[in-house]
Amino acid sequence: MKAIHIISAVLSVVFSLTVTANAQSITLIPKWTAQAQFAGYYVAEKMGFYKEEGLDVHVKHPSHSENSFLYLEEEEPQAIITNLSQALMECLAGKQIVNVMQTSQRNSLMLVSHSPLKGISSLQYKEIAVWNHLSQELLDQVANKYLLQVNWIRFNSGINLFLAKAVDICMIGSYNEFPQLAECGMQIDSTHVMRFADYGYDLPEDGLYVTEQLYKKHPETIQKLVRASIRGWNWAYEHREEALDIVMEQVHRYNIGTNRYHQSKMLDEILWLQTDKNGERPYRLSREGFNMATDILFPADAKKANTLLYENFVK
């Protein structure tokens, strides 16, 4: 009986090694360093969901100042996680990419100020700190949309610039910097905060993208990647504490300065941002979200000349 168990264990190991050897390798590139923002992908890797689909997925995080698009190569089996707005701006610049999964359905961007904010007009002629990874073209389109003349002050990450009062207004995310301010003991009055979504800029954010060339060449592989990733996010939603354990393994692996409390707050907000108006989590970019984004980001002349269609962009 003991010999049977040993043989069974050996066969199991051999089978596992064979599956891994034959698996399709894919590099998954998030838009930021390790954190709960990418929990579903970590779960899919840790729980073996990718392997069950015949995939060998490796997560490769960029640095604070790097754009994930820098790593995207035409013929390489890669997928990146980035904002819809950033992806559309890259398409406008000629990048051939497609959206294969949309996790975010709501916008997380906020402005926080040391002085009261009284609508869009209160931003006029102000200095606003923004993240380095946001393209200048994107910022210009946002400013043009709301007829603003502002001075964008670049910074890499964190809230120190704002806490030190080096700037009066700072861009933050509802799932990261906003709870960080509270964790630092700062009590923020609602009149000092402006959510972009409340002013018509409720653009979906995080999505999964691959090159059009890769999608056309390996559509079934990409479908497997999406299927396993969705399974990972659903598992994270249903097992939040276990998902946080997996997130903390990642942040420790990459030596990220954070804690479980903050990552828990982040995961809760990220999962809420994934819900649509009906409270569902569709994992797909809607036509409404796409149209809203192109209306805001593309100037009239560029939009008229642009051939980017929803059917071509969303797979």
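The values are calculated or read from the model by the stated rules, or taken from the named source; none is laboratory data. Just so it is clear, the structure is predicted and the values come from calculations on it, not from any experiment. Counting neighbours? That spans all protein chains shown, and the Cβs are built from the backbone with ideal geometry, glycine included.
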Hey, can you tell me all the residues within the stretch 261-277 that are surrounded by fewer than 14 Cβ atoms within 10 Å (Cβ to Cβ) and either of a type in the set (A, V, I, L, M) or under 15 Å from D202 (Cβ atoms) (or both)? K277
Among the residues of the stretch 194-201, is there at least one that is touching a Leu at 6+ places or on another chain (Cβ under 7 Å), assigned to a helix (DSSP H, G or I) and not aliphatic (A, V, I, L, M)? yes
Of the conditions (1) at pLDDT below 95; (2) part of a helix (DSSP H, G or I), Q263 clears all except one; give me its number. (1)
Being surrounded by fewer than 21 Cβ atoms within 10 Å (Cβ to Cβ) and in contact with a helix residue (DSSP H, G or I) (Cβ under 7 Å, 6 or more places away or on another chain) is the filter here; which residues of the stretch 32-51 pass it? K46, M47, K51
Check whether at least one residue in the stretch 204-223 is more than 19 Å from the chain's Cα centre (by Cα), surrounded by fewer than 19 Cβ atoms within 10 Å (Cβ to Cβ) and in a strand (DSSP E or B), and report yes or no. no
Hey, N156 more than 30 Å from S25 (Cα to Cα), modelled with pLDDT under 95, surrounded by fewer than 19 Cβ atoms within 10 Å (Cβ to Cβ) and under 19 Å from the mean Cα position of the chain (by Cα) or not: yes
Number of the exception - N255 against (1) touching a strand residue (DSSP E or B) at 6+ places or on another chain (Cβ under 9 Å); (2) exposed (fewer than 14 other Cβ atoms within 10 Å of the Cβ); (3) at positive phi: (1)
